[in-house]
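FYI, it's all coordinate maths here, none of it is from the lab. Because the structure is a prediction, the values reported are computed rather than measured. Cβ coordinates were reconstructed from backbone atoms using ideal geometry, including for glycine residues, and neighbour counts include every protein chain displayed.
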Amino acid sequence: MRQGTLGCVALATLLAGACVAPLSDSSAPRVPVGGTSSLAGMFTRVGTEMGVPPELLASLSYVETRLQFVSATEHNRTTLGLLGLSPADLALGARLAGVTDAAASTDAEASVRAAAALLKSRDPSARTLEDFLALLDDSTRAELIAVLARGVDGQDAAGDSVVIAARPEIDRAAGFGTTQQALGGADYAPATWSAAYSGNYQAASRTKIDHIVIHDTEGSYAGSISWFKDPAANVSAHYVIKSSTGAITQMVKEKDIAWHDACFNTTTVGIEHEGYAAKPELWFTEAMYVESAKLSAYLADKYQVPKEHGSILGHGEAPDCSDHSDPGPGWNWAHYIDLVKTGGAPTFLAGDATVDAPASLTSGETGTVTVTITNNGNVAWDLDLTRLGTTAPQDRESTVFLDGDWLSPSRATGVDTKVEPGATGTFTFDIIAPEVRETEVLDEAFQLVQQDTTWFGPEIHVVFQVAPKGGDSGGCSASGSGSAGTACAMLLLGALLPARRRRAVRGL
Ligand SMILES: [Zn+2]
């Protein structure tokens, strides 16, 4: 074939089978924690040194702090460091790890070392991921297993990526003993009952409720629940909601007066939402909005509270005598009240997609793909759950899967940042050109998937040409295919291809 020119440039759709199929290596070892963030290397280094699986440290950090280092503040006394330890656990872990308390409270790596040492101290013989999962409480273990099964496409505080590889094969029963959930007790049926310390609220027999007060915890879900059980707290809330799943714990009966809002407690119900007002895009998830809206709708119906902003209000807006400002300006009131009125039914729709991808790559070479697409549904897309998955067929292992960048061979990436209804989102990921014997055109199909919920939006095609390494492609030599004319035509077209190209995809 002519030196320096493209060999066989064949549209896969026209010449299916005529060119050699890419050679994929699905047995390649997986990178447990990848991405561009320095945290990825830190979790790997600390985990390897201390004998704790790096993916356990990274996923704990994701679950407890969304990969953000948390410092003590006036409003946060429960959750510290990169893994969200309580102050007592952080101090103990620091001692075990041989780092100072001050370092563990201010330095990301020292806080991870403290957490790893604490975990290791619970069972020095623990080696595997399953061994360590067995050391965690039931609710943390259940969440970690769910997170590890689907993988994480997270961002550190600087916006750099941390990718925890999906492990769909993880044993969902790992480490579960015979521990039982606390039974009964909740006023709201979907909630789990876990009583606050009796000195942290006032027993009463209320039937009149006229306001619902929305808070955020400025700490973790587990940390808030344990704080309301702590006799030193002198505070409580009726309900606490978990960011990632919308799971609800009730801690004070609705008839009793929880101490959540200084001098505005007598006829109100307080709902705490896991998260930080300064990072709404990481914590105020669609799952939490939807489940919280269902709870508020139930309370509003039960006590005849108008389903409007004002009767349902933020702590910072309440006529109380505190200086709290939660849940802050990042709480989407219009969306929340809309969900309260409609009972929290989400719809997922997308359209007007464009794909920006390299026009050509050589085998082994990587390139960046950006998919831009509009959210036409009524709920926001989350970093955690709204993803680009392979389709045609669905969940196909992609030939352009890049280990350490993708969540799994069938999930390229999550959305780059939270996307409100009507806004346009981007999905950015890298691809690696597979080994080919002859130059060919690959057409990889993707679709949006709301993890564990639904596939939606148009089919999105990433089309690019792959040339073999060394440039010694031998043309499309499949004998008797009758495609030589087409191949030659495509050769000309290939020479004219721009370095990058955009394709528009229309759909729903
Ligand atoms: Zn509050």
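Here is how the numbers come out for the structure above:
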{"item": "Neighbour-count ranking [beta-carbon atoms within 10 angstrom, fewest first] of Ser224, Ser410, Ser121, Ser71", "result": "Ser71, Ser121, Ser410, Ser224"}
{"item": "Amide proton proximity set for Glu438, modelled H, under 5 Å, gap of 5+", "result": "Val20"}
{"item": "The stretch 192-342, relative contact order [Cα under 8 Å, separation at least 6], %", "result": "29 percent"}
{"item": "Inter-site label distance for Ala91 and Asp138 at 7 Å from Cα along Cβ, in nm", "result": "3.1 nm"}
{"item": "5 angstrom amide H check on Ala277, placed H, neighbours 5+ away", "result": "Glu218"}
{"item": "Cα shape, the stretch 33-164, gyration tensor, a/c 1.5 rule", "result": "rounded"}
{"item": "Simple Cβ-charge dipole of the stretch 33-164, Lys/Arg +1 and Asp/Glu -1, about Cα centre, in debye nearest 20", "result": "180 debye"}
{"item": "Potential extension, Asp123-Glu74 segment - 0.36 nm per residue separation minus Cα distance", "result": "14.2 nm"}
{"item": "Theoretical FRET efficiency, 1/(1+(r/R0)^6), r = Cβ-Cβ of Lys255 and Glu459, R0 41 Å, to 0.05", "result": "0.15"}
{"item": "Three-way shape label, the stretch 33-85, alpha-carbon gyration tensor, a/c 1.5", "result": "prolate"}
{"item": "Protection proxy ranking of 159-172, 299-312 - average other beta-carbon atoms within 10 Å, highest first", "result": "159-172, 299-312"}
{"item": "Phi to ³J(HN,Hα) by Karplus 6.51 cos²θ - 1.76 cosθ + 1.60 over the stretch 71-85, Hz, x for Gly, Pro", "result": "9, 5, 9, 4, 9, 10, 10, 10, 9, 10, x, 7, 10, x, 7"}
{"item": "Label-to-label distance, nm, for residues given as Thr48 and Asp301 (7 Å Cα→Cβ offset)", "result": "5.5 nm"}
{"item": "Per-residue HN-Hα couplings for the stretch 390-407 [Karplus 6.51, -1.76, 1.60; θ = phi - 60°; Hz; x = Gly/Pro]", "result": "6, 9, 6, x, 4, 6, 4, 6, 6, 7, 10, 4, 10, 4, x, 10, 7, 6"}
{"item": "Computed FRET value (nearest 0.05) for Lys469 with Asp171, which takes r as the C-beta separation and R₀ as 25 Å", "result": "0.05"}
{"item": "Gap separating the Cα centres of the stretch 210-246 and the stretch 62-134, nearest whole Å", "result": "21 Å"}
{"item": "Neighbourhood net charge (12 Å Cβ-Cβ; Lys/Arg +1, Asp/Glu -1) for Ser410", "result": "+1"}
{"item": "Label-to-label distance, nm, for residues given as Gln202 and Thr426 (7 Å Cα→Cβ offset)", "result": "5.4 nm"}
{"item": "For the stretch 236-241, 3J(HN,Hα) per residue [Karplus equation, 6.51 cos²θ - 1.76 cosθ + 1.60, θ = phi - 60°, Hz, x = Gly/Pro]", "result": "6, 9, 5, 10, 10, 10"}
{"item": "Global geometry of the stretch 192-342, whether rounded, prolate or oblate, following the gyration tensor of its Cα atoms and the 1.5 cut on a/c", "result": "rounded"}
